[in-house]
Each structure stands twice: as C-alpha cells, then as structure tokens.
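Please treat every number below as a calculation from the coordinates, not as lab data. Keep in mind that this is a model prediction, so the values were computed, not measured. Note that each Cβ is placed from the backbone with ideal geometry, even for glycine, and that neighbours are counted across all protein chains shown.
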Amino acid sequence: MVTEIVTACAVPVATVVVALIEARAARDRKRVQANQGKLEAEQARMDARADRRAMESRLSMELMSASVELSVVTATALQVGHTNGTLQPALEKAQAAQEEYNRWLRSEAARNVAKI
C-alpha cells in the first residue's frame, strides 16, 4: 500500500521538478542570448573603432611621408640653388595628403557631433 502511494506521487513530483528545471534553463538561455547580442554589438563597435584608427594611421603616415619628401626636395633646392623640377610634384603630393587628412578629420568630427 505504501509503495503504491509513493509510486503514485513520484511521477507527478518528478514532472513538476523537470518543469521547474526546464523553466530555469529557458530563462538562462534567454539571458545568454541577450548577453551574446550585447557582446556582438560591442565587438562591432570595437571593430569600427579599430577601422577608424587604422584609417587615421594610414593618412597620418601618408601626410608625414609627403611632408618629409617636400622637406628633402626643398632642402636640396636651397642647397643647389634651383628646384630641378622636383619641388612642384612634392608640393602637390603634400597638399593632397593634407587635404585628404583634413577631409577625414571633418568627417570624423561630423560623425562625433551627430552622436551627441
């Protein structure tokens, strides 16, 4: 008799326990999915920031290279007393690099102002 009562109660109790475990697991899965979405969004922001830093670095290097080239050509022209046709291309390269860098700075400033 006692065995029959225990057996009759065991199945419903086990069903309730399994339902509680599944409810908790479902809640944990939702929390993990929400965190995964946040992590993916943060990774996307970090990637975009890295891309902007890489662009700034590339433009800055081009600007420095053009500036050094212009300095060398100018120093050579002063030393020998004439430009030898190299000053104008170096000047144009430096101006183009500066304009590209300034264009990028303006776009970044506009992007940052738009976020405010």
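Sticking with the crude label model, points 7 Å out along Cα→Cβ, report the distance from residue 24 to residue 74 in nm, one decimal please.
7.4 nm
What angle do you read, to the nearest 10 degrees and between 0 and 90, between the alpha-carbon axis of helix 2-80 and the longest principal axis of the chain?
Its long axis makes an angle of about 0 degrees.
Which angle between 0 and 90 degrees, to the nearest 10, do you get for helix 87-115 versus the longest principal axis of the chain when only C-alpha atoms count?
That helix lies at roughly 30 degrees to the long axis.
What's the local net charge at residue 60, with K and R +1, D and E -1, over the other residues with C-beta under 13 Å away?
-1
Taking the mean number of other Cβ atoms within 10 Å as a proxy for protection, how do you rank 82-94, 46-58 from highest to lowest?
Top to bottom by mean Cβ count within 10 Å: 82-94, 46-58.
Out of 109, 26, 67, whose Cα points farthest toward the positive end of the dipole of the range 1-112 (charges: +1 Lys, Arg; -1 Asp, Glu; placed on Cβ)?
It is 26.
Quick one: if the Förster radius is 30 Å, what FRET efficiency do residue 87 and residue 46 give, using the C-beta to C-beta distance and rounding to 0.05?
Calculated transfer efficiency: 0.10.
Would you mind checking the range 96-116 for residues with the amide N under 11 Å from a putative spin-label position 7 Å along Cα→C-beta of residue 53?
So the set is empty, nothing qualifies.
In terms of Cα to Cα distance under 24 Å, which lysines are near enough to residue 115, apart from those fewer than 8 places away along the same chain?
Hits, sequence-local ones excluded: 38.
Considering all alpha-carbon pairs of the chain, what whole percent are spaced by more than 22 angstrom?
67 percent
Mind checking which aspartates and glutamates have their C-alpha under 18 Å from residue 93, skipping anything on the same chain fewer than 8 residues away?
In chain and number order, the partners are 56, 62, 69.
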